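K.L.:
So that we are looking at the same thing, I have put the structure below in structure tokens.
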Amino acid sequence: MDFQIRQAITANVMGSDAAEFQDIVNDAIARGEEHLLPGLGVFLEKWWNGASENERNEFSQKLAKQFVS
């Protein structure tokens, strides 16, 4: 992902509160438009970098369950 995209997304959401982030994520999922995926990826990257090892493990386990065939 191009670094400028990360910067633009970060600038666009800087100062948002938890409810606004939830609205952004819900809207992106509901719309299902692929051009919104990089934004969700930036959100995941920011969360991952700030998460504890335990939070990362829990998230990874929950995510893996969503992709069980």
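K.L.:
Out of (1) of a type in the set (A, V, I, L, M); (2) open to solvent by 90 Å² or more (accessible area, probe 1.4 Å); (3) farther than 18 Å from residue 59 by Cβ, what's the single condition that is false for residue 29?
P.N.:
So the condition that residue 29 fails would be (3).
K.L.:
So which of 5, 29 ends up being without any contact (Cβ under 8 Å) to a residue 60 or more places away in the chain and in contact with a Pro (Cβ under 7 Å, 6 or more places away or on another chain)? Can you show your working first?
P.N.:
Details: 29 fails: in contact with a Pro (Cβ under 7 Å, 6 or more places away or on another chain).
Checking each option against the conditions leaves just 5.
K.L.:
Let me ask something else about it. Residue under question is residue 41, and the condition is that it be surrounded by fewer than 11 Cβ atoms within 10 Å (Cβ to Cβ) and of a type outside the set (Asp, Glu); does it hold? Give the steps one after another, and end with the answer.
P.N.:
Details: surrounded by fewer than 11 Cβ atoms within 10 Å (Cβ to Cβ): no; of a type outside the set (Asp, Glu): yes.
Judged against the criteria, residue 41 is not a match.
K.L.:
Any residue in the stretch 45-69 that is among the basic types (Lys, Arg) sitting within a Cβ distance under 7 Å of a residue that is open to solvent by less than 100 Å² (accessible area, probe 1.4 Å)? List the pairs, counting only those 6 or more apart or interchain.
P.N.:
Sorted first by the residue in the stretch 45-69, then by its partner, the pairs are 56/48.
This table checks each residue for (1) over 14 Å from the mean Cα position of the chain (by Cα); (2) charged (D, E, K, R); (3) open to solvent by 60 Å² or more (accessible area, probe 1.4 Å).
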| site | (1), (2), (3) |
| --- | --- |
| 6 | no, yes, yes |
| 22 | no, no, yes |
| 45 | no, yes, yes |
| 50 | no, no, yes |
| 66 | yes, no, yes |
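K.L.:
Give the number of residues within the stretch 19-69 that are under 18 Å from residue 9 (Cβ atoms) and not charged (D, E, K, R). Quick ask: steps written out before the conclusion?
P.N.:
So the first thing to find is which residues in the stretch 19-69 are under 18 Å from residue 9 (Cβ atoms), and the list is 20-29, 31, 33-50.
Pick out the ones that are also not charged (D, E, K, R) and you get 21-22, 24-26, 28-29, 35-44, 47-50.
So the count comes out to 21.
The values are calculated or read from the model by the stated rules, or taken from the named source; none is laboratory data. Keep in mind that this is a model prediction, so the values were computed, not measured. Positions of Cβ are backbone-derived with ideal geometry, glycine not excepted, and every protein chain shown enters the neighbour counts. Please note that ligands, DNA and RNA were not included when accessible areas were found on the heavy atoms of the full protein model with its side chains. Shrake-Rupley method; radii C 1.70, N 1.55, O 1.52, S 1.80 Å.
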